[in-house]
Amino acid sequence: MEVKVPNIKDTQFDSTLFKAVSDGLTELFQETGKWPDSIIFSGTLGNELYNHVFNKNWDLNKFGPVCLPGGANKIRIEYTKPINQIEDNNSPIMVDDLNGRQVNGVIGSESMARIMSSYAQPSLKIERTVRPHYEIRLVRLNK
């Protein structure tokens, strides 16, 4: 997502910024089932918006807002700790594409047995650690 930051911030801009941050928070919540706990404002525009948000008394304390004056102009919404994600599929799975992996050469019987046991099980449980995030790029609106 991209938000154009004007020099003079009016109520229209406040609505746009609020919607962008709200959409990011909601998207991550829907994806993981947990609210993000970190909002990082970075770059000169991020610093400007960090000050603007707190001058407007927006209550973002639940999301641990911080300001990093250097770096790219963006707002990054994320989790401070990785999230454990578990996918449990109770139906038989037969995949055709091996999840993007490529097999080069002739597959031997032992390799084929491993592929079949990995990709055609009646119950497949995938556990992984993820670090989902949402970024809002900030650009100066030239007017």
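Read-outs: derived from the displayed coordinates by stated rules, not from any lab. Note that the structure is predicted; figures quoted are calculated from it, not measured. Please note: Cβ atoms are built from the backbone with ideal geometry, for glycine as well, and neighbour counts cover all protein chains shown.
Structure notes:
- Protection proxy ranking of 127-133, 22-28 - average other beta-carbon atoms within 10 Å, highest first: 22-28, 127-133
- Note on 49, 60, 141: ascending count of other Cβ atoms within 10 Å places them as 141, 60, 49, the fewest first.
- When each of the peptides 74-81, 8-15 is scored by the mean number of other C-beta atoms lying within 10 Å of its residues, the order from highest to lowest reads 74-81, 8-15.
- Sites residue 133 and residue 8, calculated FRET efficiency, Cβ-Cβ separation with R0 35 Å, nearest 0.05: 0.70
- For the set 19/56; 34/81; 9/81; 4/74, the pairs lying more than 22 angstrom apart at their alpha carbons are 9/81.
- Look at 21, 66 and count the other Cβ atoms within 10 Å of each Cβ; fewest to most, that gives 66, 21.
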